[in-house]
1. Among Leu21, Ala262, Ala360, whose Cα sits farthest toward the positive end of the charge dipole of the chain (+1 at Cβ of Lys/Arg, -1 at Cβ of Asp/Glu, about the Cα centre)?
2. Rounded to the nearest 0.05, what FRET efficiency do Glu39 and Asp4 give with R0 = 45 Å and r taken as the Cβ-Cβ distance? Could you check?
3. Place the peptides 195-201, 25-31 in order of packing, highest mean first, counting for every residue the other Cβ atoms within 10 Å and averaging per peptide.
4. Beyond 25 Å, what share of the Cα-Cα pairs of the stretch 7-127 remains, rounded to the nearest whole percent?
5. Could you give the size of the charge dipole of the stretch 224-279 about its Cα centre, using +1 on the Cβ of each K and R and -1 on the Cβ of each D and E, expressed in debye and rounded to the nearest 20?
6. Among Asp286, Asp220, Asp238, determine the one that fluctuates most according to a GNM of the chain built with springs between C-alpha atoms less than 10 Å apart.
7. Once the Cα atoms of helix 348-377 and of the chain are each reduced to a long axis, what angle between those two axes, in degrees from 0 to 90 to the nearest 10, is obtained?
8. For the stretch 64-85, list residues with backbone N below 16 Å from a point placed 7 Å from the Cα of Thr91 toward its Cβ?
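Coordinate-derived values only; no laboratory data. Note that this is a predicted model, so its numbers are computed, not measured. Cβ atoms come from the backbone with ideal geometry, glycine included; neighbour counts cover every protein chain shown.
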Amino acid sequence: MSNDPRRFLRYLEAERNASLLYRALAETTDGERRDALLELADVEDKHAEHWIEKLNEYGVEIPPAPTALDGDDELLVRRARSMGLVSVLDTLEENEGADAGMYDDEPEALPTMPSDEREHAEVFRTLKGDKPEKFPHRAVTQSAGEPWHKLDKSGSIRAAVFGVSDGLVSNTALVMGFAGASLAGAIDNSVVLFAGLAGLLAGAFSMAAGEYVSMASQRDLFKREIDLERQELLEKPDEERLELELIYRAKGLPRDQAKAVADRIMADPDTALDTLAREELGLDPDELGSAWKAALSSFIAFAIGASVVVIPYALFSGVTAFVLAIVLAVVGMIVVGGVVGSQSGRGIVFSATRQVLWGAGAAAVTYLVGSLVGVNVG
């Protein structure tokens, strides 16, 4: 860190510009958002006053305060006026995040300045009404009073549905390829059966292993985020209390009531951690998902789906096995697609049709390839 006091000029300029921007943005909105922006502007003004005192102390000439926004800030205000404040909150959060460490190594800064700068980014994140998406498969807390939200926090239902679908489609395509060669006379029924069983086992173990690694990694990531939140509670309780207050203000509570709720929650460290994990991280600490459960669900589901076209070749042979395999595969695809449609809200008919078209297309391609190979080999 340089000892040249003229570095305070850069700090002063940044604080003045920020205050000017926040006051201009406050004119584009109302309610809690307007109050929050004006509060941020007041904080920036206090910071500016500190740097003015420091510049006077070192005998550095103080430039006049800006009366107009710079080009980039003016564009932000124009966008907020035409499209609403929410359209610029991502940019404001990003800018504040980039400047969050500005005072970390500044010995002349007030003790509260580093935390103030970090809290500014949190304010904009809270004003958006949500939190940033940190995870590829975010764990969500299900509302017991809203049963139509069919959320699966453990991941086992998701793994089961996709396992059945993958097993059915992939093994149908595999078996149809060998069936094409079998009907062409290149191989016998036992080879088709063996190929189907091999595809079933290989796919089921592969799905289970992949699902286990995915869920275990996700769980480790979630636990790490909760551990970091626990550490922040120990090291920066005031900042975490402010985060809770801002969250509840964003939900519509008046400032005094939001502060009272935050104070009451922070009185119990366990409750505070649980609340911050749910409200800030979007996690339910009690439901982070089971890697073993998801892996087992994937294995069983894939095996069930893959067995649909294997069973006919275990009981029959030739054209009989082939036709029965096709019928069972189509029925299976209709059922799986219908279940997916009922869960996703896209509609049973639409999802079932889509599932059949994709599955039949894959099976037809492999059957044609198998037939061509079988004819040439035979």
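1. Ala360
2. My answer for the efficiency is 0.90.
3. Sorting 195-201, 25-31 by mean packing, highest first, produces 195-201, 25-31.
4. Counting pairs separated by more than 25 Å, the tail of P(r) holds 22 percent.
5. Taking the Cα centre of the stretch 224-279 as origin, the dipole is about 320 debye.
6. Asp286
7. Here the helix axis deviates by roughly 50 degrees.
8. 69-85
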